[in-house]
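Notes for the one structure printed next.
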Amino acid sequence: MVSSTAGTGLQIADLADRPDLETAMLTMESTWPAYIRPDPILVHWIFERHARHQLVVLDENRTVVARAASAPLAWDGKVGNLPDTGWDEALRQCMSDTYAGHRLTALCALEIAVVPGHQQRNLSARTLQALKQHARDQGFGDLVAPVRPSLKHTATHLSMAGYAAQTRPDGLPQDPWLRVHVRSGGEIVKVCPASMTISGSLPQWRGWTGLPFDTSGPVDVPGALAPVIADVEQGYAVYVEPNIWVRHRL
Ligand SMILES: CC(C)(COP(=O)(O)OP(=O)(O)OC[C@H]1O[C@@H](n2cnc3c(N)ncnc32)[C@H](O)[C@@H]1OP(=O)(O)O)[C@@H](O)C(=O)NCCC(=O)NCCS
């Protein structure tokens, strides 16, 4: 699929039609903290096997300004069957469902990211709309997403359920990225408490964050949605990132 977004000068392409854009998509400037390290083997496999579902947004100069990565899943539509281990499990489930030959019924958004210099221009909503349209065109019944609320890192000690429940007077979520999803028709269905787990030795964590990691217990790390738990005696720390499952019926 290569399509234009009316009146915006933006063009949406997928990697099946435009494999030449894969490097630009993968190396796009982004604001992810260094310790967010998705399994490169699974990500590479999904990009190869499901290139059709990896979207790139180009501006009028044909520069990549945003991307939307996604993985198809076999999902029966039951909220209880969306995994508590959201993001990590979606990658694994995509691979096992694909190899098992199951009918892939839902598209799971893995990431929507906007190049920092192009943020705050409503590009995220347009990219989400493009992904939804793509999922509809491909015959999926739902777009689901283990959403990473963009300002949760400012409230690390608040539970994800408590954070997601905060609304503005107009009833929309306080969190900007959750708000984009809900405004575009998404339904907040449940917390996925262990969406992404990142473990590392204390020297690794020091390298990723520049923090001393010299005491055991919860450590506040910039960009993290919950405290990282360090164990100095054992020499490691673990971050378990909570996300929020959002469902878009198509
Ligand atoms: C989250 C992200 C996709 C939002 O993209 P964006 O194009 O900058 O957002 P938009 O311009 O469409 O703005 C969406 C809303 O967020 C608000 N917003 C954007 N940046 C904000 C900021 N830094 N602080 C507060 N609100 C912000 C906008 O005002 C808008 O709110 P509205 O509902 O009142 O209109 C982008 O910040 C990003 O790429 N982050 C890194 C990757 C990431 O975390 N992705 C999400 C998880 S996969």
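Table: residues versus (1) within 16 Å of the ligand (Cβ to nearest atom); (2) at pLDDT below 95.
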site	(1), (2)
SER4	no, yes
ARG37	yes, yes
ARG62	no, yes
ALA71	yes, no
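Would you tally the residues in segment 99-116 being within 16 Å of the ligand (Cβ to nearest atom), within 20 Å of THR85 (Cα to Cα) and surrounded by fewer than 23 Cβ atoms within 10 Å (Cβ to Cβ)?
2
Would you pick out the residues in segment 144-179 that are within 26 Å of PRO72 (Cα to Cα) and in a loop (DSSP other than H, G, I, E, B)?
Scanning segment 144-179 gives ARG148, PRO149, SER150.
Select from segment 79-88 the residues that are in contact (Cβ under 8 Å) with a residue 40 or more places away in the chain and farther than 12 Å from VAL144 by Cβ and list them in ascending order.
Residues satisfying the conditions are ASP84, THR85, ASP88.
Of all residues in segment 192-209 being of a type outside the set (Val, Ile, Thr) and assigned to a helix (DSSP H, G or I), which is nearest to the ligand (Cβ to nearest atom)?
Restricting to residues being of a type outside the set (Val, Ile, Thr) and assigned to a helix (DSSP H, G or I), the top hit is TRP208.
Is it fair to say ARG136 is closer than 28 Å to ALA194 by Cβ and of a type in the set (Lys, Arg)?
no
Take LEU143 and tell me if it is crowded, with 23+ Cβ neighbours inside 10 Å and assigned by TED's automatic domain parsing to the domain that holds ARG52.
yes
Looking at segment 22-78, which of its residues are of a type in the set (S, T, N, Q), outside any strand (DSSP E or B) and touching a residue at least 24 places away in the same chain (Cβ under 8 Å)?
If the condition is that a residue be of a type in the set (S, T, N, Q), outside any strand (DSSP E or B) and touching a residue at least 24 places away in the same chain (Cβ under 8 Å), then SER30, THR31, GLN54 are the ones that fit.
Do we find that ASP170 is within 15 Å of the ligand (Cβ to nearest atom), of a type in the set (Asp, Glu), exposed (fewer than 13 other Cβ atoms within 10 Å of the Cβ) and at pLDDT 95 or above in this structure?
So ASP170 fits the description; yes.
Do the conditions hold for VAL189, that is, is it more than 25 Å from PRO33 (Cα to Cα) and within 13 Å of the ligand (Cβ to nearest atom)?
no
When segment 119-130 is examined, which residues are found to be in contact with a Ser or Thr (Cβ under 9 Å, 6 or more places away or on another chain) and either more than 7 Å from the ligand (Cβ to nearest atom) or farther than 18 Å from SER70 by Cα (or both)?
Answer for segment 119-130, where residues must be in contact with a Ser or Thr (Cβ under 9 Å, 6 or more places away or on another chain) and either more than 7 Å from the ligand (Cβ to nearest atom) or farther than 18 Å from SER70 by Cα (or both): GLN119, ARG126, LEU128, GLN129, ALA130.
The values are calculated or read from the model by the stated rules, or taken from the named source; none is laboratory data. Since we're looking at a predicted model, the values are computed, not measured. Don't worry about glycine lacking a Cβ; one is built from the backbone with ideal geometry, like all the others, and counts go over all protein chains shown.
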